[in-house]
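Undergrad: Would you mind keeping the following structure in view while I ask a few things?
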Ligand SMILES: Cc1ncc(C[n+]2csc(CCOP(=O)(O)OP(=O)(O)O)c2C)c(N)n1
Ligand SMILES: Cc1ncc(C[n+]2csc(CCOP(=O)(O)OP(=O)(O)O)c2C)c(N)n1
Ligand SMILES: [Mg+2]
Ligand SMILES: [Mg+2]
């Protein structure tokens, strides 16, 4: 955005949610001496767009303060509850949210807080014993409907949901949020090919193309650059946009292409926290090596919030 | 080929091997009241090209008459032998053959017979109890170096061999023969992406694009037509040719592209046996439904051999 | 003995008639999984998927979350090997009602090592939330659908196809976690499942004639495995128990029985017959059953080993033994 | 008790120095699998593969066929779940020398259900040709490489990372298919593997003080499982045996012991402690060990159950119990 958006404009709300995602996650990482920082920096606008502008969700039906863990799903466990309740009721007209890269959970929880679906102190339960606010989200975690910590399974799951909804005539869409590393798994290409074959035009995917994975930078030439073309070759529509540009995201995420649709949000994993660039290429997880370093991040935090 | 090739030309040898593959397989299918017929019709030229023109193989080191089954591989089984011995010794300058769609085994065995690597009566052992001439080839079967009946695993295996050979400085190539249905499995796309990343230009793949799988026709619009483009998008080179045209195959299979190279041989699964077309789209396995039908195929056989 | 041709084909069509929630997914093995006619009968409830089994699991999980009950039909190996992670994480963990109709158990196919499901029971037993059942005859092929459908969660079914003997009367359907007693005797317990049941039935009469009393229990449920009749039977046996399974002896029926015995501290011997921790190869079923000790003769040899007595039974005694559909014997104690 | 920081890191570098055939493959978890420094030391023997585990298995199989010995390093779940078919068909069936260095066994990670390998021993035991070992301390982390390398075939190693206690002296390396006796007593046999060993060591002294004699056997080899000392120990025990495993109780250590007992017809009781056929969730190791009964207190409760006697041991007795590196006791009989 070149001109600041006028007050009352959706962009103001959405950008402020994105900004607050960044600062709250940094605050959390500082308190916990580490965490999934780059994911928040790269995907803040993505999550803000999904939850404030793009997805048509009902009110959360889950308690603001996250419930403790009540056992794994099973026919002998009537107490199990699903984290998807934070995204509102399942209903024909509403969209559904399927969250794929489970290690982005901190970003999702933070988003839920910023949009009023989760209590602020919910994050105090993050990675705490007996809590559902797990480090790697599972389907009891706030906002998480399916279990996807073994990466790249969500797209197939979402396609199954999408085909069921199509058969039923639901008007709501199925939104999937993915990371770029996930496209390395073969299952994604199986899912893509089948989703296209079954004409799942109600399947919408937003991908955080941050060029990062655990071992460092994704190979730009052999992997990141060709990714959009690969998706198109597999029969889906795919469009690249600046993943920090709200208008560009809005246009790309609102397209109706008659096919499963992938918005490739090209992002910067140190966006808003340039200090973090020094760590490149290993940005997957931030752990402070010294008190001096931590102090630098604390100072950066102060600057961000003021 | 518009003009018949002159005697002494490689095309004469190669085409006659291809023709004999078709007739011998039909003969076998008639004797056994069923079999993998379409695969022979579609891939006869592919196998003939590989074994008479393209691959640089040493003499077979295996007995002409196939050995009986001598147990599965294991540290307690010194008697195990590998079917790759039919393709000659492993040596830096020789090519290697990795056979992917294990249900094409009948075509492979027949090819070995036609090129003198397997005794004619070897086929009498086909699918017989205690034999290595298995219906779905495994790594004790003549010509079969790795176990690939769970489809789509061969490309990764071959890539592992190719990278080892590259490191060692071998000049020989690794040839893989694949079927088109195999590209439905996600593992293929994992292998392709990695083979390209590791610059495996010694990896050569010939694909029988016969447009067929077990359930009938492969989806032309959503699958077969885009396949070559998908492979290219994944960083390999791929070229489509008429899979029954020896010169076209020769040119495509001899290309050096500096990348893993895929020759997409577009083939006709009823080539040479037009009678079989009546069975379309279910061509995967031929089983005669009546004596009358069988008689028609017998007549067709007589016509082919005379 | 009646041989029923493709019992699943018509039965599944009829059974699914009033169950609109039932959908079928295949992975390019529709006819080989005996649902070609089902597809033609209920085209709008049929998903003919590509040969891409990982994705099939995910699709099925999504359909299940939306209220459908997916019946995945394919070969067993393409259910628990290629897509195991997806089966475990997308279906078993959330306990979704997906039913796996798994063809070609053990060595019932000449397709060789890549097509023979020899360790599926071990893997599915170790996977939480999965119920594991196995069909042993046409009656069980017909009645397993009710068993599977009634369970709130995923069910793995070792399924028979093609020509299937009818060993049990039509009015004695499979019941979850209940063994069938097919013959009785004091010397030994013999436990079988799937295709080994017919073998043990073939051996029962010659063994009785040779003075060896066998209590033959047919198992159709591998998990749960709580029928108290199993333990009671073993405890009262003179020489112990033989398990005879179309499966590796590690982790399947033999291990389930061992667990029950060791937990109870029963001082009887267990002899586990089956594939001795090995992959197999492609050959006819009869040949492989002989080679790997899954036939009646192997069972007789096992009986001789455990009792320490020669029976004098010959191969031809066994070949002549007729197998007829048998009502389950009333159990010693009402259960 | 000495705590060793990342014992694998330097040890593996040193060990691999004179073994040019050893290559390492990772799948985007290089540092998490403690081979970042190995990569930097031997860059030309290191293959940093993408997060595409199916293909990693195939690559490794090809390298193995060409004479290399690939050591695949990643999390356990990404070895036996996602690429199980490839592990089985491309590596196990041909018995290729690929070594799986499988991190995060059982509940040793807060990563939750998708990262916790709770059924890996069951699955790997059921897979022919695979040797299955588990490290229980720094000495075993250091010596398991020799064990794995000496085997002509695939080896699955449950590996510990990060801060690892040294329970066994450096000069007592892991030996294939040999249990270690860590304490002796006549009442009960306690069998542990991996992280439960330290728990049992913690419980031994208080139990002895309470008058309960425990023969504690540490298991580092799940398959093969033929050490005769196991059966001898169980036979001479007064009350039987408890297995305590960081794993589901179906198909792992408990089942292996049950198999041995039932085959021998030992009339002793087995109590299987471990995950009771359930997936877990994300939390700290200590929390999960308590929740799922993998800690010393759960073992004491198990002892009380099997002996039928209260011990009076409290949580604080256990907390105070010091664990020191112990030489294996001489075995009752020379083996
Ligand atoms: C199937 C599977 N393999 C491996 C992992 C381990 N893992 C967790 S995150 C991750 C990197 C994935 O790439 P991406 O999400 O793009 O990383 P980021 O951008 O967050 O750095 C890996 C390999 C996993 N969770 N699932
Ligand atoms: C992983 C796996 N899934 C399923 C099968 C069963 N299967 C055997 S052949 C085949 C069709 C594959 O397509 P293709 O080779 O192109 O068939 P064809 O051209 O021979 O008709 C299938 C699904 C298999 N062998 N492996
Ligand atoms: Mg990324
Ligand atoms: Mg084909």
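Undergrad: Is it the case that some residue within the stretch C:84-104 is crowded, with 24+ Cβ neighbours inside 10 Å, in contact with a helix residue (DSSP H, G or I) (Cβ under 8 Å, 6 or more places away or on another chain), within 14 Å of chain A (Cβ to nearest Cβ) and free of Cβ contacts under 8 Å to residues at least 12 places away in the same chain?
TA: Within the stretch C:84-104 (the criterion being crowded, with 24+ Cβ neighbours inside 10 Å, in contact with a helix residue (DSSP H, G or I) (Cβ under 8 Å, 6 or more places away or on another chain), within 14 Å of chain A (Cβ to nearest Cβ) and free of Cβ contacts under 8 Å to residues at least 12 places away in the same chain), the answer is no, since none of the residues qualifies.
Undergrad: Just to be sure before I move on: is residue B:42 part of a helix (DSSP H, G or I) and in contact with a strand residue (DSSP E or B) (Cβ under 6 Å, 6 or more places away or on another chain) in the structure I sent?
TA: Here the answer is yes, as residue B:42 does meet what is asked.
Undergrad: Let me ask you something else. Could you list, in sequence order, all residues of the stretch C:5-25 that are touching a helix residue (DSSP H, G or I) at 6+ places or on another chain (Cβ under 8 Å) and outside any helix (DSSP H, G or I)?
TA: Once the filter is applied, which keeps residues that are touching a helix residue (DSSP H, G or I) at 6+ places or on another chain (Cβ under 8 Å) and outside any helix (DSSP H, G or I), the stretch C:5-25 yields C:19, C:20, C:22, C:23, C:24, C:25.
Undergrad: Additional query: How many residues does the stretch B:69-105 hold that are within 14 Å of another protein chain (Cβ to nearest Cβ) and touching a strand residue (DSSP E or B) at 6+ places or on another chain (Cβ under 6 Å)?
TA: 7
Undergrad: Going through the stretch D:57-113 one residue at a time, which ones are within 16 Å of ligand 2 (Cβ to nearest atom) and over 30 Å from residue B:92 (Cβ atoms)?
TA: Passing the criteria: D:82, D:83, D:84, D:85, D:88.
Undergrad: Counting just the residues of the stretch C:126-142 that are more than 13 Å from the chain's Cα centre (by Cα) and either more than 22 Å from residue C:255 (Cβ to Cβ) or outside any loop (DSSP other than H, G, I, E, B) (or both), which one comes out nearest to the other protein chains (Cβ to nearest Cβ)?
TA: Checked the stretch C:126-142; the qualifying residue nearest to the other protein chains (Cβ to nearest Cβ) is C:126.
Undergrad: Which of the residues belonging to the stretch B:26-40 are surrounded by 24 or more Cβ atoms within 10 Å (Cβ to Cβ) and within 16 Å of ligand 4 (Cβ to nearest atom)?
TA: Start the filter on the stretch B:26-40 by keeping residues that are surrounded by 24 or more Cβ atoms within 10 Å (Cβ to Cβ), which leaves B:26, B:37-40.
Of everything in the stretch B:26-40, those that are surrounded by 24 or more Cβ atoms within 10 Å (Cβ to Cβ) and within 16 Å of ligand 4 (Cβ to nearest atom) turn out to be B:37, B:38, B:39, B:40.
Undergrad: So, in the stretch D:275-302, how many residues would count as being more than 22 Å from residue A:80 (Cα to Cα) and in contact with a helix residue (DSSP H, G or I) (Cβ under 7 Å, 6 or more places away or on another chain)? It would help to see each step written out before you state the result.
TA: To start, the set of residues in the stretch D:275-302 that are more than 22 Å from residue A:80 (Cα to Cα) comprises D:285-286, D:294-302.
Right, trim to in contact with a helix residue (DSSP H, G or I) (Cβ under 7 Å, 6 or more places away or on another chain) and you get D:294-297, D:299-300.
The total comes to 6.
Undergrad: With the requirement that a residue be buried (at least 16 other Cβ atoms within 10 Å of the Cβ) and out of contact with any strand residue (DSSP E or B) (no Cβ under 8 Å at 6 or more places or on another chain), what does the stretch D:302-318 give you?
TA: Residues satisfying the conditions are D:304, D:311, D:313, D:317, D:318.
Undergrad: Has the stretch B:193-204 got at least one residue that is crowded, with 21+ Cβ neighbours inside 10 Å and within 16 Å of ligand 1 (Cβ to nearest atom)?
TA: yes
Undergrad: Whether any residue in the stretch B:218-236 is within 16 Å of ligand 2 (Cβ to nearest atom), assigned to a loop (DSSP other than H, G, I, E, B) and without any contact (Cβ under 8 Å) to a residue 24 or more places away in the chain is what I want to check. Working first, answer last.
TA: So in the stretch B:218-236, the residues within 16 Å of ligand 2 (Cβ to nearest atom) come out as B:218-220, B:222-228, B:230-231.
Filter once more, keeping what is assigned to a loop (DSSP other than H, G, I, E, B): B:218-219.
Keeping just the survivors that are without any contact (Cβ under 8 Å) to a residue 24 or more places away in the chain gives B:219.
Yes.
Undergrad: Suppose we keep only residues that are surrounded by fewer than 24 Cβ atoms within 10 Å (Cβ to Cβ) and part of a helix (DSSP H, G or I) within the stretch A:45-66. Which one would you say is nearest to ligand 4 (Cβ to nearest atom)?
TA: Here the residue is A:54.
Undergrad: Shifting gears a bit: With the structure loaded, tell me whether residue C:122 is surrounded by fewer than 24 Cβ atoms within 10 Å (Cβ to Cβ) and either within 16 Å of ligand 1 (Cβ to nearest atom) or under 14 Å from the mean Cα position of the chain (by Cα) (or both) or whether it fails that test.
TA: no
Undergrad: Just to be sure, is residue D:151 in contact (Cβ under 8 Å) with a residue 12 or more places away in the chain and farther than 30 Å from residue A:128 by Cβ?
TA: Answer is yes for this residue.
Undergrad: Moving on to the next point. Do you know which residues across the stretch D:221-254 are closer than 18 Å to residue D:199 by Cα and without any contact (Cβ under 8 Å) to a residue 60 or more places away in the chain?
TA: D:241, D:243, D:244, D:249, D:254
Undergrad: Let me ask something additional. Restricting the search to the stretch C:35-83, which residues are more than 10 Å from chain A (Cβ to nearest Cβ) and in a helix (DSSP H, G or I)?
TA: The answer is C:36, C:37, C:38, C:39, C:40, C:41, C:43, C:77, C:78, C:79, C:80.
Undergrad: Would you be able to tell me the number of residues in the stretch B:148-176 that are assigned to a loop (DSSP other than H, G, I, E, B) and within 14 Å of the chain's Cα centre (by Cα)?
TA: So the count comes out to 4.
Undergrad: For the stretch A:273-306, which residues satisfy the criterion of being more than 16 Å from ligand 1 (Cβ to nearest atom) and touching a helix residue (DSSP H, G or I) at 6+ places or on another chain (Cβ under 8 Å)? Outline the logic, then answer.
TA: The first filter runs over the stretch A:273-306 and keeps only residues more than 16 Å from ligand 1 (Cβ to nearest atom), leaving A:274-275, A:278, A:288-306.
Passing the criteria: A:275, A:288, A:294, A:296, A:297, A:298, A:300, A:301, A:304, A:305.
Undergrad: Being more than 9 Å from ligand 4 (Cβ to nearest atom) and within 7 Å of another protein chain (Cβ to nearest Cβ) is the filter here, so list the residues in the stretch B:194-213 that pass it.
TA: B:194, B:196, B:197
Every residue, every condition in (1) under 19 Å from residue A:183 (Cα atoms); (2) within 16 Å of ligand 3 (Cβ to nearest atom); (3) modelled with pLDDT of 95 or more; (4) within 14 Å of another protein chain (Cβ to nearest Cβ), yes or no:
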{"site": "A:236", "(1), (2), (3), (4)": "yes, no, yes, yes"}
{"site": "A:243", "(1), (2), (3), (4)": "yes, yes, yes, no"}
{"site": "A:257", "(1), (2), (3), (4)": "no, no, yes, no"}
{"site": "A:269", "(1), (2), (3), (4)": "yes, yes, yes, no"}
{"site": "A:278", "(1), (2), (3), (4)": "no, no, no, no"}
{"site": "A:290", "(1), (2), (3), (4)": "no, no, no, no"}
{"site": "A:295", "(1), (2), (3), (4)": "no, no, yes, no"}
{"site": "A:302", "(1), (2), (3), (4)": "no, no, yes, no"}
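Undergrad: Also: Considering the stretch A:177-217 alone, what residues qualify as being in a strand (DSSP E or B) and within 16 Å of ligand 3 (Cβ to nearest atom)?
TA: A:177, A:178, A:179, A:205, A:206, A:207, A:208, A:209, A:212, A:213, A:216, A:217
The values are calculated or read from the model by the stated rules, or taken from the named source; none is laboratory data. Being a predicted model, the structure only gives us computed values, none of them experimental. No Cβ is skipped: glycine too gets one built from the backbone with ideal geometry, and neighbour counts run over all protein chains shown.
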